[in-house]
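Structure record follows, encoded as structure tokens.
The values are calculated or read from the model by the stated rules, or taken from the named source; none is laboratory data. What you see is a predicted model, and the numbers here were worked out from it, not measured in a lab. Using ideal geometry, Cβ is built from the backbone for each residue, glycine included, and neighbour counts are taken over all protein chains shown. Heavy atoms of the whole protein, side chains included, go into the accessibility calculation; ligands, DNA and RNA do not. Shrake-Rupley method; radii C 1.70, N 1.55, O 1.52, S 1.80 Å.
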Amino acid sequence: MQARLDSGSNWPLEPLPFEQRRSDLRDALAFGNHKGATEQPSLLRQLVEEDVCSGYGLPLPLHEIHRIPGALMAPMNVIRQNTIDETGRIVEKDRLTHDQSYRWNSGSSVNSRVRKEDLPPCLFGGVIRRIINWAVAARAKFPSLPILAGKFDFRHAFRRLHLAPETAVQSFTQLPDEQVAVMMLRLTFGGAPCPAEWGVMSEAICDLAGTLLRDRAWDPGKVAPPDFDEVPPPAFCCSSIPFAPAKDLIVDVPVDPSGFVDVYIDDMIALCVETAGSGNATRLPAAVLMAIHAASRPLAPHEPLPRDPMVMKRKLAAEAGPAECKVILGWAFDFRRMTVALPKNKFLTWTEGLEHMLASGRTSAKNLESTIGRLTHMSMVIPNVHHFLSRLRDLLWRAKRRHWIPLSPACADDIRLMKVFLAQAWKGVSLNLLAYRKPTHVYYSDSCPFGLGGYSTAGHAWRFQIPSDLRFRASNNLLEHIAAIITPWIDIIRTDIQAGDCCLSMTDSSTSEGWARKTNFSELTDDPIQATVRLEVARSHATRMIENGIKDYSQWFPGNENIVADSLSRDDDLSDSALTNLLLSLNLPQVPQKFHIVPLPNDISSWLTSTLQRLPVKEQLREEHKRTNLGRGNDGETGRNLSGSTATPSSAASLQPTSTSYLEHSPWLCEMDASLATFSIPWLKAQSAIPFPMWHRPSGTTANGIPPKMKMAKLADFYSAFSEASKTMIPTRDNKKRSPSVSSANSPNASSRSTRPLSNNWQSEPSSSHVDHASTSSCRLPTPAGQLH
């Protein structure tokens, strides 16, 4: 932070050869600015003039730009955004952007040359998840006390940090009609390093606010920040509204009722629990405002350049007041009901866009990009929406080749379904479904070309023998995925799983594990029938999870540990009672105490049969049916030989149970059945790799980097107790096919990757004429040590 305050933000850029830089500069001068800027010349001049008058940009003669060593230029654009006024009313504003991603004929841009590995770590990407997990943990710890939130904006955040000269000369833009070049002196709206660079400042201020919040020696009544009197009083929900309960988390989120402060670029968010006599609701806004005030430079009575306070004063009345209901980063949080919802204005605007697309029957690439971006944003509260975007992404890939493209019936159906999801997002989703939860139901499944089977840790097992005329139609991956989704489906039909529950599906297919989270099948490049069936299978499961309000996890584990489900899918020569008695007699740790096989519900068996009937027979899938060796001995019968092909590689030959021993569980696992705790081991080990910043903001560590993964305290004792329980590893291979929409081969930039330059353009670039370096150094304005403008 000190280095940036002293010398400015110096971006880690790959050097650019002199000839390539000169070529890029010629291209930029010939191109000018983007359409959004050129069509509004008066607005463009007004916005640039505001930057120049505030000292954010230095105007220079455009015809002399080639004389400045290292000079590079990027086009400007003007985009319209929504913001709020002092009353909270949504209003539009125009923002000047600096397109430093625009590639010139050489194929390079400033952003394409950024060495991302050398940027400071960014923490703001996990803000929403951290807020959700803290709120759930706080409600669990204080089940009948209100959780309050406040939001505070930095004003002109990027303009508070000046650029180092080496970076400033590569951040030129222009007003061609005025023959003026403008060298940006502050962080730009369009430079890839800017969020990370500003994060160095905002994260430090966030740390200071959190420290103040927890320091009881500080009394905001005696030492109050400026503008504190403009913050509204706390707003509580009606006392008749009950506090929604919290579900158990798998992560150990530390909760101090004094408060929790986080930051997303230029938005600071603070939460606290209003305990009796604590005054936390008063301290919350005071701590954040004091931290921002302490980090900013005091304003003189007569500033030589226009300068505003660093806090956005006009939003204090609308957003800063602590409240149980608060719009945070575009999402409407209700901490009394423990829900998060899409705000009404977004719901209406986005729904109108989908309806217009359906009514016209066609769309454009630009419209599709906006629509997919909105739906991806919605996935923050409805994660399963990712299963329904592949067709729209394929349509976008094809739309880039034409002005308009018609909607296919399948895409139109997807858009209608998106309207349903939008309505659900507007209605609200429980925070318990979005936090890192402890599973309440665990399921195991397996399949082979001759059958499928699975069971739950409650003891309910099922199996399905594939009729001879339907074999060798579905791939092993598809059968594995069908088996994985049937097991929780049975519990939904039996009403054994309720809204708000969390299910974990264990599978020995890494492909099925991935499909449970996100599917990207393409009916353009894959076999159309296979792709369509896979899409429908994955979407049917996702729809059930969404409609029933169930959180869904999946986890891979080794096939040789999936003994019980493997037997259910393969041992069709044994009756249900015989197989049940066999599995119970072997004393396998994987067998629940109340294990019993139940008939597959008619709805599911009919759906499964009709799904297989849609697929053609594939001879390459034909193989020998090999039953397990359970109860047969290693040299026992292995089943009928139906073909000369080799046996399926997923068969289990081992009779030995795993070495799991039942030691004392950690306190948080006491409510679990012993088998449920044991079965959860592979998943628990995978969860220990959840990046720490995704559920708790590390404080004061940004300077030294963030540890990428940190084990959770709740699992430490459990792992030591079961240190030899499983050999489970998380697979790293990715064998999923990609659709053209995500393939870099067809990207317009795929063939224009910049090569590693040969020289540093700031230090050693040849110059055609003398440059007064004293004048170029004026791009570095003095900043008082330790404070921001």
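Quick check on my filter: what residues within segment 346-376 are open to solvent by 60 Å² or more (accessible area, probe 1.4 Å) and of a type outside the set (A, V, I, L, M)? Explain how you work it out, then say what you get.
So in segment 346-376, the residues open to solvent by 60 Å² or more (accessible area, probe 1.4 Å) come out as 348-349, 352, 355-356, 359, 362, 366, 369, 374.
Residues satisfying the conditions are Thr349, Glu352, Glu355, His356, Arg362, Lys366, Glu369, Arg374.
When you look at Phe388, is it open to solvent by less than 20 Å² (accessible area, probe 1.4 Å), of a type in the set (Phe, Trp, Tyr), touching a residue at least 24 places away in the same chain (Cβ under 8 Å) and over 18 Å from Ser522 (Cβ atoms), yes or no?
Against the criterion (open to solvent by less than 20 Å² (accessible area, probe 1.4 Å), of a type in the set (Phe, Trp, Tyr), touching a residue at least 24 places away in the same chain (Cβ under 8 Å) and over 18 Å from Ser522 (Cβ atoms)), Phe388 does not qualify.
Across segment 1-41, what is the number of residues that are in a loop (DSSP other than H, G, I, E, B), touching a residue at least 60 places away in the same chain (Cβ under 8 Å) and within 36 Å of the chain's Cα centre (by Cα)? Spell out how you get there, then give the answer.
So the first thing to find is which residues in segment 1-41 are in a loop (DSSP other than H, G, I, E, B), and the list is 1, 8, 10-12, 14-17, 32-34, 39-40.
Of the ones still in play, those that are also touching a residue at least 60 places away in the same chain (Cβ under 8 Å) are 1, 8, 10-12, 14-17, 32-34.
Then keep just the ones that are within 36 Å of the chain's Cα centre (by Cα); that gives 1, 8, 10-12, 14-16, 32-34.
Selection size over segment 1-41: 11.
For residues that are of a type in the set (S, T, N, Q) and within 27 Å of the chain's Cα centre (by Cα), tally how many sit in segment 463-512. Full working, then the answer.
The initial filter retains those residues of segment 463-512 that are of a type in the set (S, T, N, Q), namely 465, 468, 475-477, 487, 495, 498, 505, 507, 509-512.
Filter once more, so that each one left must be within 27 Å of the chain's Cα centre (by Cα): 477, 498, 505, 507, 509-512.
Residues that pass the stated criteria total 8.
List pairs: first in segment 223-234 and open to solvent by less than 50 Å² (accessible area, probe 1.4 Å), second assigned to a loop (DSSP other than H, G, I, E, B), Cβ under 6 Å, 6+ apart or cross-chain?
Hits for this filter: Val231/Gly321; Pro232/Gly321.
Here is a list: Ala318, Ala281. Which entry is of a type outside the set (S, T, N, Q), assigned to a helix (DSSP H, G or I) and surrounded by fewer than 19 Cβ atoms within 10 Å (Cβ to Cβ)?
Values: Ala281 fails: surrounded by fewer than 19 Cβ atoms within 10 Å (Cβ to Cβ).
Only one candidate qualifies: Ala318.
If I ask for residues that are over 35 Å from the mean Cα position of the chain (by Cα) and open to solvent by 10 Å² or more (accessible area, probe 1.4 Å), which ones from segment 451-462 would you list?
Passing the criteria: none in range.
If you take the residues of segment 556-593 that are at pLDDT below 90 and open to solvent by 70 Å² or more (accessible area, probe 1.4 Å), which of them is farthest from Arg517 (Cα to Cα)?
Asn587
Scan segment 304-328 and report the pairs whose first residue is closer than 30 Å to Ala244 by Cα and whose second residue is small (Gly, Ala, Ser) and assigned to a helix (DSSP H, G or I), with Cβ atoms within less than 7 Å and a gap of 6+ or a chain change.
Within 7 Å, the pairs are Pro322/Ala281.
Let me spell it out: the conditions are (1) touching a residue at least 60 places away in the same chain (Cβ under 8 Å); (2) touching a Ser or Thr at 6+ places or on another chain (Cβ under 8 Å); (3) farther than 15 Å from Asn477 by Cα, and Thr487 meets all of them except one. Which number is the exception?
Thr487 satisfies every listed condition except (1).
Taking the condition of being over 24 Å from Phe142 (Cβ atoms) and of a type in the set (A, V, I, L, M), how many residues in segment 311-328 meet it?
Counting residues in segment 311-328 that are over 24 Å from Phe142 (Cβ atoms) and of a type in the set (A, V, I, L, M) gives 5.
For segment 594-621, what are the residues that are of a type in the set (Val, Ile, Thr) and surrounded by 17 or more Cβ atoms within 10 Å (Cβ to Cβ)?
Within segment 594-621, Ile597, Ile604, Thr611 meet the criteria.
Conditions tested, residue by residue: (1) free of Cβ contacts under 8 Å to residues at least 40 places away in the same chain; (2) touching a strand residue (DSSP E or B) at 6+ places or on another chain (Cβ under 9 Å); (3) of a type in the set (D, E, K, R).
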site: Arg95; (1), (2), (3): no, yes, yes
site: Gly107; (1), (2), (3): no, no, no
site: Val114; (1), (2), (3): no, yes, no
site: Pro120; (1), (2), (3): no, no, no
site: Ile131; (1), (2), (3): no, yes, no
site: Trp134; (1), (2), (3): no, yes, no
site: Ala137; (1), (2), (3): no, yes, no
site: Ala140; (1), (2), (3): no, yes, no
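Return the pairs, sorted by first residue and then second, in which the second residue is at pLDDT 95 or above and of a type in the set (S, T, N, Q), the first residue lies in segment 235-246 and is closer than 20 Å to Ile132 by Cβ, the beta carbons are less than 8 Å apart, and the residues are 6+ apart or on different chains.
From residues that are closer than 20 Å to Ile132 by Cβ, the pairs are Phe243/Ser144; Ala244/Thr339; Ala244/Ser430; Ala246/Asn432.
Kindly indicate whether any position in segment 347-361 is more than 30 Å from Glu274 (Cα to Cα), part of a helix (DSSP H, G or I) and in contact with a Cys (Cβ under 8 Å, 6 or more places away or on another chain).
Within segment 347-361, the first condition is being more than 30 Å from Glu274 (Cα to Cα), and the residues that meet it are 347-361.
Checking which are part of a helix (DSSP H, G or I) leaves us with 347-360.
Adding the requirement that they be in contact with a Cys (Cβ under 8 Å, 6 or more places away or on another chain) leaves none.
No, segment 347-361 contains no residue that is more than 30 Å from Glu274 (Cα to Cα), part of a helix (DSSP H, G or I) and in contact with a Cys (Cβ under 8 Å, 6 or more places away or on another chain).
Determine if segment 333-344 includes at least one residue that is surrounded by 15 or more Cβ atoms within 10 Å (Cβ to Cβ), at pLDDT 95 or above and hydroxyl-bearing (Ser, Thr, Tyr).
Scanning segment 333-344, I find at least one residue that is surrounded by 15 or more Cβ atoms within 10 Å (Cβ to Cβ), at pLDDT 95 or above and hydroxyl-bearing (Ser, Thr, Tyr), so the answer is yes.
Out of all the residues in segment 476-499, is one or more open to solvent by 10 Å² or more (accessible area, probe 1.4 Å), among the basic types (Lys, Arg) and touching a strand residue (DSSP E or B) at 6+ places or on another chain (Cβ under 9 Å)?
yes
Here's a check for you: in segment 235-270, which residue that is more than 30 Å from Met694 (Cα to Cα) and not hydroxyl-bearing (Ser, Thr, Tyr) is surrounded by the most Cβ atoms within 10 Å (Cβ to Cβ)? Reasoning before the result, please.
Of all residues in segment 235-270, those more than 30 Å from Met694 (Cα to Cα) come to 238-241.
Pick out the ones that are also not hydroxyl-bearing (Ser, Thr, Tyr) and you get 238, 241.
Working: Cys238: 7, Ile241: 12.
Residue satisfying both the conditions and the ranking: Ile241.
Return the residues of segment 78-114 that are modelled with pLDDT of 90 or more, open to solvent by 20 Å² or more (accessible area, probe 1.4 Å) and hydrophobic (A, V, I, L, M, F, W, C); say none if nothing qualifies.
Leu96, Trp104
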